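Trainee: Have a look at this one before I ask anything.
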Amino acid sequence: MKTRFSCIRVLIFGLAVAGVVWRVSAADALPAVVPALPGGVVKPGLTPIKPDAAARTAATKPGVVAVDRNAQVVILCYHRFVEKIRFPGTEIRPAEFEAQMQILKDRGITVIGMQDFLAWKRSEKSIPPRCAIITFDDGWETQYSVAWPILKKFAYPLTVFVYTEGVRGGSLGGGGAITWEQLAEMRDEGVDIEAHSATHQDLREGHAVMVALAAAKRSKKKLTGEEYVQWLQQEVVGCKEVLEQKLALKVNCYAVPFGHYNESIKQLAQQSGYEALFTVNGQVLMIDSPTAALGRYAIEGGKPKGFEDALKMLAPSRGATAGVAEVAAVQLATLPAHGELLRSSPPLITADLTGLGGVDPDTVEMRLSSHGVVPLSYDPKTNSVAYHVTEKLPAGNYSVILSAKADGKKLETRWTFRIGKGGAPTAGKP
Ligand SMILES: [Zn+2]
């Protein structure tokens, strides 16, 4: 906590000394400078400011920050860093990881810390337009010994999601596990350490879970009723208490094991002081993405496409967008609609091209988060394109990017929708 707090103070002081203000477009700046209370009421004591004066005012008015509401963030998730890949789903070679970190730098994607991201979502501070967050899951020794030194070379911040019984000395902390001393050293150097359950199992009721028995024995058991409630309490709240006590820090993030959870687990987490919950359903995160389901891209060794797909979901850098005209999603009739909450996976994702003007249907490309480019069909009668969803999409947040060419100019629009619980029961992957 101390580290986190003092880092923020140093940053704010630094910005004040340098007189630095994030560049924001006038339209973006206004809502943040004049925070509206629910119902459109303007907070007392703050008078509306002309948009063109917003950024300047933000610099002189303490406590009021011009926030770039159009910034976008992808969260990358890694596990183990080894030369010899045995489990491609969770391992990556150090050189490949380092190359990816370099790519972020080369493409002007700013790596930000998790707490800065959450502060941006609370409209308390701004972030650069295109950001990535690096997260490591589970607590492996190679995260400390191999990957963290690489991140230090780039001066990239890091969040580690730890399951407490998996730390060395815990009931699951076998070979390759990180130690509490290593975590403490990382904490002291500003690494954000957050929760990832106690024993890393599917949290939903009705699943057989491994439980500890007497004499260091374990057995698989389907927990119900009070027994389940107590076990869940350990997995969601107990792990937070262990981390906070052992490392004397504040934990406000929870990476759900395998990304599997439901409404009651979500409520328990929120009541226990977690500000944000994370899955592995990769997506581009916007300022209004629900903090109860923030999708991360799980990056797999030997599959550079996964990493590339994650970066492609970010809007092109504004410096390089001369040829790209952004079209607001509201101008385009889409299904699902922007911001729509669905009960289950949609059979189709469609967009009426009329809103894009006279585009050539052959130039239309659709990207879907966690899928990349998807195959489209065109219906000349309705002048619309459609992606026929072949496999049921799991519950979570989705971003769609549609691009096309018209008169040699590239047009692009993006929208998001959400599938609530009751989507496919097989959400996420380890
Ligand atoms: Zn994990």
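The values are calculated or read from the model by the stated rules, or taken from the named source; none is laboratory data. As the structure is a computational prediction, the values presented were derived from the model and not from experiment. For neighbour counting, all protein chains shown are included, and Cβ atoms are generated from backbone atoms with ideal geometry for every residue, glycine included.
Trainee: Would you confirm, using the coordinates I've provided, whether Trp120 is buried (at least 21 other Cβ atoms within 10 Å of the Cβ) and within 16 Å of the ligand (Cβ to nearest atom)? It would help to see each step written out before you state the result.
Mentor: On the way: buried (at least 21 other Cβ atoms within 10 Å of the Cβ): yes; within 16 Å of the ligand (Cβ to nearest atom): no.
It is false that Trp120 is buried (at least 21 other Cβ atoms within 10 Å of the Cβ) and within 16 Å of the ligand (Cβ to nearest atom).
Trainee: Which of the residues that make up the range 364-416 are surrounded by 20 or more Cβ atoms within 10 Å (Cβ to Cβ), modelled with pLDDT of 80 or more and in a loop (DSSP other than H, G, I, E, B)?
Mentor: Ser369, Leu393, Ala395
Trainee: Among the candidates Tyr254, Tyr261, single out the residue that is surrounded by 20 or more Cβ atoms within 10 Å (Cβ to Cβ), in contact with a strand residue (DSSP E or B) (Cβ under 6 Å, 6 or more places away or on another chain) and aromatic (Phe, Trp, Tyr).
Mentor: Working: Tyr261 fails: in contact with a strand residue (DSSP E or B) (Cβ under 6 Å, 6 or more places away or on another chain).
Result of the check over Tyr254, Tyr261: Tyr254.
Trainee: Mind listing whichever residues of the range 296-314 are assigned to a helix (DSSP H, G or I) and either closer than 22 Å to Arg414 by Cβ or modelled with pLDDT of 90 or more (or both)? Spell out how you get there, then give the answer.
Mentor: From the range 296-314, those assigned to a helix (DSSP H, G or I) are 304-312; that's our starting set.
Lys305, Gly306, Phe307, Glu308, Asp309, Ala310, Leu311, Lys312, listed by residue number.
Trainee: Considering the range 259-276 alone, what residues qualify as being within 13 Å of the ligand (Cβ to nearest atom) and either in contact with an Asp or Glu (Cβ under 6 Å, 6 or more places away or on another chain) or among the β-branched types (Val, Ile, Thr) (or both)?
Mentor: The answer is His260, and nothing else.
Trainee: Can you go through Ile85, Ile92 and tell me which one is in the same structural domain as Lys303 (by TED's automatic domain parsing), touching a Gly at 6+ places or on another chain (Cβ under 7 Å), within 16 Å of the ligand (Cβ to nearest atom) and touching a residue at least 60 places away in the same chain (Cβ under 8 Å)?
Mentor: Working: Ile85 fails: within 16 Å of the ligand (Cβ to nearest atom).
After ruling out the rest, the residue left standing is Ile92.
Trainee: For the range 69-104, name all the residues that are closer than 23 Å to Met286 by Cβ and surrounded by fewer than 20 Cβ atoms within 10 Å (Cβ to Cβ).
Mentor: Within the range 69-104, Arg69, Asn70, Ile103 qualify.
Trainee: Taking the criterion of being modelled with pLDDT under 95 and closer than 30 Å to Glu98 by Cβ, would at least one residue in the range 252-266 satisfy it?
Mentor: Yes.
Trainee: While we're looking at this one, here's another question. Can you tell me which of Lys240, Lys266 is part of a helix (DSSP H, G or I) and either in contact (Cβ under 8 Å) with a residue 60 or more places away in the chain or under 28 Å from Arg414 (Cβ atoms) (or both)?
Mentor: Details: Lys240 fails: either in contact (Cβ under 8 Å) with a residue 60 or more places away in the chain or under 28 Å from Arg414 (Cβ atoms) (or both).
Of Lys240, Lys266, the one residue that is part of a helix (DSSP H, G or I) and either in contact (Cβ under 8 Å) with a residue 60 or more places away in the chain or under 28 Å from Arg414 (Cβ atoms) (or both) is Lys266.
Trainee: Sticking with this one: Tell me, which residue of the range 417-430 that is modelled with pLDDT of 80 or more and surrounded by 20 or more Cβ atoms within 10 Å (Cβ to Cβ) is nearest to Gln201 (Cα to Cα)?
Mentor: If we take residues in the range 417-430 being modelled with pLDDT of 80 or more and surrounded by 20 or more Cβ atoms within 10 Å (Cβ to Cβ), then Ile419 is nearest to Gln201 (Cα to Cα).
Trainee: Further, regarding this structure: For the range 145-202, enumerate the residues that are within 16 Å of the ligand (Cβ to nearest atom) and either part of a helix (DSSP H, G or I) or in contact with a His (Cβ under 8 Å, 6 or more places away or on another chain) (or both).
Mentor: Ala147, Phe161, Val162, Tyr163, Thr164, Glu165, Gly166, Leu172, Leu183, Gln201, Asp202
Trainee: If you check every pair at least six apart or on different chains, which have Cβ atoms under 6 Å apart with a residue in the range 129-154 that is farther than 21 Å from Ile109 by Cβ first and a residue that is at pLDDT 95 or above and away from the ligand (no atom under 16 Å from the Cβ) second?
Mentor: Tyr144/Gln182; Val146/Pro94
Trainee: Sticking with this one: Hey, does the range 222-233 have a residue that's of a type in the set (Lys, Arg), assigned by TED's automatic domain parsing to the domain that holds Asp116 and in a helix (DSSP H, G or I)? Please lay out each step first, then the result.
Mentor: Taking the range 222-233 and keeping what is of a type in the set (Lys, Arg), we get 222.
Okay, now just the ones that are also assigned by TED's automatic domain parsing to the domain that holds Asp116, so 222.
Right, trim to in a helix (DSSP H, G or I) and you get none.
No: zero hits.
Trainee: Related question: Being small (Gly, Ala, Ser) and outside any loop (DSSP other than H, G, I, E, B) is the filter here, so list the residues in the range 279-295 that pass it.
Mentor: If we filter the range 279-295 for residues that are small (Gly, Ala, Ser), which is where we start, we get 282, 289, 292-293, 295.
Passing the criteria: only Gly295.
Trainee: Give just the number: which of (1) crowded, with 21+ Cβ neighbours inside 10 Å; (2) out of contact with any strand residue (DSSP E or B) (no Cβ under 7 Å at 6 or more places or on another chain) does Gly225 not satisfy?
Mentor: Evaluating Gly225 over (1) crowded, with 21+ Cβ neighbours inside 10 Å; (2) out of contact with any strand residue (DSSP E or B) (no Cβ under 7 Å at 6 or more places or on another chain) leaves (1) as the failure.
Trainee: Given the criterion more than 25 Å from Ala298 (Cα to Cα), more than 14 Å from the ligand (Cβ to nearest atom), at pLDDT 95 or above and not charged (D, E, K, R), identify the matching residue among Val242, Val237.
Mentor: Exactly one of Val242, Val237 is more than 25 Å from Ala298 (Cα to Cα), more than 14 Å from the ligand (Cβ to nearest atom), at pLDDT 95 or above and not charged (D, E, K, R), namely Val242.
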